[in-house]
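Let me begin by presenting the structure, written as C-alpha cells, before commenting on it.
Every read-out reported here was derived from the displayed coordinates using simple, explicitly stated rules and does not represent laboratory data. Quick caveat, the model's predicted, so the values are computed rather than measured. Glycine gets a Cβ as well: all are built from the backbone with ideal geometry, and neighbour counts include every protein chain shown.
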Amino acid sequence: MKISYRNNVLERVLIGTKGVTSLAVVGSFALSFGFYEPPVPLSIVMHVQVVLLAIFLAGKTLRLLNAESRREYLFANWYEVPLLLALALVLAGAGRWFGWADPSGLQHFAIAIYLLTDVTIKFFMLSVSLAAAGRNPTKTLVAIFMVLIVIGASLLMLPKATPGRDSLRFVDALFTATSATCVTGLTVKNTGQDFTFLGQVVILVLIQLGGLGIMVFGAVLALLLRQAFSLRESVALQDLVSAQTLGRIGNIILFIFVVTVMVEAVGALALFGMWNTLPGWEAAGHSRWFYSIFHSISAFCNAGFSLLDGNLVRCSRNWQVYGIICPLILLGGLGFGVLHNLANVVFDRVCLLGHRCLCRPRTLAVEPPARLNLQSRIVLRATATLVVAGALALFFFEHYAARSDAPARMGILDAFFQSVTARTAGFNTMPIEELSESSKLVLILLMFVGGSPGGTAGGVKTVTVVIIVMAVLAMLRKRSEVEVLRRSIRNIIVDRAVTIVTLYVLVLLVATLALNVTESQYRQHFTLVDMMFEAASALGTVGLSTGITPTLTDAGKVIIIAVMLIGRLGPLTLVAALTFNTKPARYDYPDEAVIVG
C-alpha cells in the first residue's frame, strides 16, 4: 500500500535517516553477538541501541503525523503495534515477571531483536518497492544480490562465526557468502568444522534467501502483513514468478512459500534418523535437528552445502540419500511454475474423483479442467531423460573407461545420485577427483544444462536446451517453425535460447582459460578438464569439485566468485542490465547471401 504524505521533503529525510540508522543497528548487533571480546564495552553498545530505538520511534511518529491519512498509515503498519507492545512488556517485566538471571541483559537482547526484526522486515519489503520503482529492474536485482552477499560476508568475518579467535579472511568470507547466496556449494572452508553454529546459521539463511529470492520473501511478508501491492509492484512480481495474470500473483507467491516450508519440513523430519547410523558421528538431539534442517534446505534450494566432512560420501549406503535428498533436489529444480501447474492438475483430478465416488454430478465450471501446460511437459520429459541418460552414461564410463587402478567402481545408485545432483545440487556420494575423465565430461554437460526455469537451479535450463535441439531438428526436417510436442515456438523465444547458450559457452571458455592462467602453479596436479569442471560447476551453480577449490589462489577465487554471480543471475540478465536503455534500431540494412557450414 502506497501512503501519501503531506511533506515529501520531510519523508525523504526520514527515509535517509532510517537507512543510516538501520546500518547502525546491524553494526550494533554484530558488536553485541559477534565478538568474544567486543572492541566496545557492551554497556556503550546498549546505550547506542537505546538511542537507535528512540530514533526509530521518533521517525515512526513523524511519519504518522506527516501522513495525509493516519488511518491508512496505521492500517498499513499495524504489525508494528504488537511488536512495540511485546518490547514494552519485556522491558517492563525484566526482573519481575521473567525468570532471567540478568534483567539488563534481557532488556538488551529484546531491544536488539526488535531493531533487527524491524530492519529485516523493511529491507525485504523495500526490495519489492525498488524493483517496481520504474528504473532498471535488472540492475535492482543485481544490486540486491550484491548487498546480501556483502552483508553475509561481513557476518561470516565476525570472530564468533569461526572457531578460535581469528576472523575469516575477506576473500574467503566473500567466496563463502557468494556461494551460499548463489546456491552453488563450492567451499574454500569446511562448513561443518571451520564455522561455528553462528556461521552455519548465516550460511543457511543465505542459502534460503538466495534460493527463493529476496523479492519473494518481501512479497510473502507483505501478504502476511496484509499489505496491498501497487500496480507497478504487481507487474514486477508477475515477471518474477511468471504469473499469467496480475490477479494470481498473491496465490502463486503464497504457494511458493507454503510448498517451500512444507517440503523442507518433511525433508528434515525424514533425515532426522539418518545421522545415528553414521559411523563415528555422535551429537545431541538438537544437533541432529539442525543437521536435518540444514541438509533439507540445502537440497531443496539445490545448494549442495553439507556439514559433513567429505560431503555425503559417508552416507552413500543410507536410503535417505536416495529416497529423500534426491526428491528434494528434483522438486527444487523443476521450477515453482511447474509445481504450481502439477498441484492444480492433481487437485482437479482429486475433486473429479471425489465427485465420481460420491455419485454427484459435477457442477458446470467456469474454467476448463486443469491440464499440464507445454512448459510442464517439456520440463518433466527433459528432466527424466537427463537423469536416466546421465546415470547410464556415468555407470558405463566408470566401468569401461576408468583407470584400472581406480579405487572403487560406481554403483548404479551412485550413478543415479550423481546424475541428479549434477543438475545444480552439488552433493556427492563419491569423491569426484577419483572419477574418469569421461565421467567428468558427462558431469560438465549435466552441470551446463542445469535445472528448469523458475526454480532454485542454475544452468542454461532444460527448456532452453530442448528448444535448441528442436530448432536443429526443424532445420534438418526443413520445417519453417520450431515445434515441440505439437506446439509451435515463437522465433523470439528461439533467439533467446540461442543467445543464452552462446553467452554461457563464452563465459565457460573465458573462465576456464582464466583459471588456467591464475592456477598455473598447480598444473602438475590439476588438468585442463579439472579447470573446466570448476568453471562449469560455478557457472551452473552446482558445487561439485575435483578438489581444486580449497587450493585456489585469491585471483582464482575472485574469478569463481564472478562466475557464480553470472551463473545465478544469468548472463542474459546481466546483458539486459547493461543494455536496458539501449533503443532498438528503426532501420534495416539490405540483405546479402553468405555461405555457412
Step through the residues of the stretch 141-155 one at a time and calculate ³J(HN,Hα) from phi using the Karplus curve (6.51 cos²θ - 1.76 cosθ + 1.60, θ = phi - 60°), rounding each to whole Hz and writing x for Gly and Pro. 4, 5, 5, 5, 4, 4, 4, 4, 5, 5, 4, x, 5, 5, 5
Report the dimensions of the stretch 1-73 along its three principal axes from the alpha-carbon atoms, largest first, rounded to Å. 48, 20, 15
As an exercise, use a Förster radius of 35 Å and the Cβ-Cβ distance of Arg496 and Leu89 to find the FRET efficiency, rounded to the nearest 0.05. 0.05
Relative contact order, percent, of the stretch 1-131 when contacts are C-alpha pairs under 8 Å separated by at least 6 residues? 31
Could you tell me the relative contact order of the stretch 458-534? Use alpha-carbon pairs under 8 Å, at least six residues apart, and round to a whole percent. 24
Straight-line reach from Lys478: which aspartates and glutamates have Cα under 19 Å away, leaving out those fewer than 8 places along the same chain? Asp495
Please go through the stretch 466-511 and write out the trypsin sites (Lys or Arg not before Pro) that DSSP classes as loop and that have at most 10 other C-beta atoms within 10 Å. Arg477, Lys478, Arg486, Arg490
Which cross-chain or sequence-distant (5 or more) residues have an amide H under 5 Å from the amide H of Ala457, H modelled 1.01 Å from N in plane? Ser452
On a straight-distance basis, which lysines could pair with Lys160 in a cross-link, Cα separation under 18 angstrom, same-chain partners fewer than 8 positions away excluded? Lys189
Using modelled amide H (1.01 Å from N, peptide plane; none on Pro or chain starts), what sits under 5 Å from the amide H of Val484, excluding residues fewer than 5 places away? Ile489
For the stretch 330-347, in residue order, the Karplus 3J(HN,Hα) values (coefficients 6.51, -1.76, 1.60; θ = phi - 60°; whole Hz; Gly and Pro = x) are 5, 5, x, x, 6, x, 5, x, 5, 4, 5, 5, 5, 5, 5, 5, 5, 4
Through the Karplus equation 6.51 cos²θ - 1.76 cosθ + 1.60, θ set to phi - 60°, convert the phi angles of the stretch 260-272 into ³J(HN,Hα) values in whole Hz; use x for Gly and Pro. 4, 5, 5, 5, 5, 5, 4, x, 5, 4, 6, 7, 4
Hydrodynamic radius by Kirkwood, which averages 1/r over all alpha carbon pairs of the stretch 1-131, in angstrom: 16.1
